[in-house]
Amino acid sequence: MSRPVLAALAILAGFVGGCGDDSVDISGIEGTIKSELKAGGTSPSSVKCPDEVTYERGKTFKCDVTMTNGATGDVQVTLNTKDDFRFKLVPGSVQVPGATVEKEIQDQLASQGIPDTTVNCPDNIIVKVNTSVTCDVAGSKAAGKVTFSWSDDSGTVDESSVQTSS
């Protein structure tokens, strides 16, 4: 090959090599989301983001989160840099199986000396701040309802909102 051709190939190789990889470390993002949700008091069993995301400052995408209690939800990720991002739960996206809430209420009642209760909540409960959920409760001595609301988008019950009625 002639010198001008070799020089052109060298310049082209340097240009192509300098472009870099614009893909984002998805497994790193999934791991960070999982760790930070755990640190915040929730218990995620998995986080699944799109397989391939190319970097663009301010770009957003959603990841699916599944909790150990069967709840599911979406997290919105915003890229600040290729290696830095922020995320938040998408309001109204977290859904908790009614059976999970029923068991929690039964366990709490049993710990208060009210065993053998039957609790019936909606099959699928959408977590939305300041919305109420009502579950029917029946025991050997009485029947009634428990109503509560959420204090945040992750599914934390606002303890001050819990009300019972017969």
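Given a 10 angstrom Cα cut-off, can you work out which residue in I29, I105, I126 is the most mobile in a GNM of the chain? Among I29, I105, I126, the largest GNM mean-square fluctuation belongs to I105. Taking the Cβ of V129 as the centre, find all other residues whose Cβ is under 9 Å away and add up their charges (Lys, Arg: +1; Asp, Glu: -1). With Lys, Arg at +1 and Asp, Glu at -1, the neighbours total -2.
Overall shape: prolate for the chain, with the ratio a/c of the largest to smallest alpha carbon gyration tensor axis at 1.5 or above and a/b above b/c.
Taking the helices alone, the chain has a mean residue ellipticity at 222 nm of -8500 deg cm²/dmol, built from -39,500 (n - 2.57) per DSSP H run of at least 4 residues and averaged over all its residues.
Neighbours of V75, meaning other residues whose beta-carbon lies under 13 angstrom from its beta-carbon, give a summed charge of 0 when Lys and Arg score +1 and Asp and Glu score -1. The HN-Hα couplings worked out from phi for segment 90-103 by the Karplus form 6.51 cos²θ - 1.76 cosθ + 1.60 (θ = phi - 60°) are 6, x, x, 8, 6, 10, 10, x, x, 4, 5, 5, 4, 5 Hz, whole numbers, x standing for Gly and Pro.
Comparing mean-square fluctuations of A142, A71, A99 from a GNM of the chain with C-alpha springs under 10 Å, the top value falls on A142. For the chain, the number of Lys pairs with C-alpha atoms closer than 13 Å, counting only pairs eight or more positions apart or on separate chains, is 5. Where does the Debye-calculated log10 I(q)/I(0) of segment 95-165 sit at q = 0.14 Å⁻¹, using only Cα point scatterers of equal weight, no solvent? With one equal scatterer per Cα and no solvent, log10 I(q)/I(0) is -0.39.
The phi-based Karplus calculation (6.51 cos²θ - 1.76 cosθ + 1.60; θ = phi - 60°) puts the 3J(HN,Hα) values of segment 149-163 at 10, 9, 9, 8, 6, 8, x, 7, 6, 6, 3, 6, 8, 5, 10 Hz, whole numbers, x for Gly and Pro.
Here, each number is a calculation from the coordinates, and none is a lab measurement. A quick note: this is a predicted structure, and the numbers were derived from the prediction, not measured. When we count neighbours, we look across all protein chains shown, and the Cβ atoms used for this are built from the backbone with ideal geometry, even at glycine.
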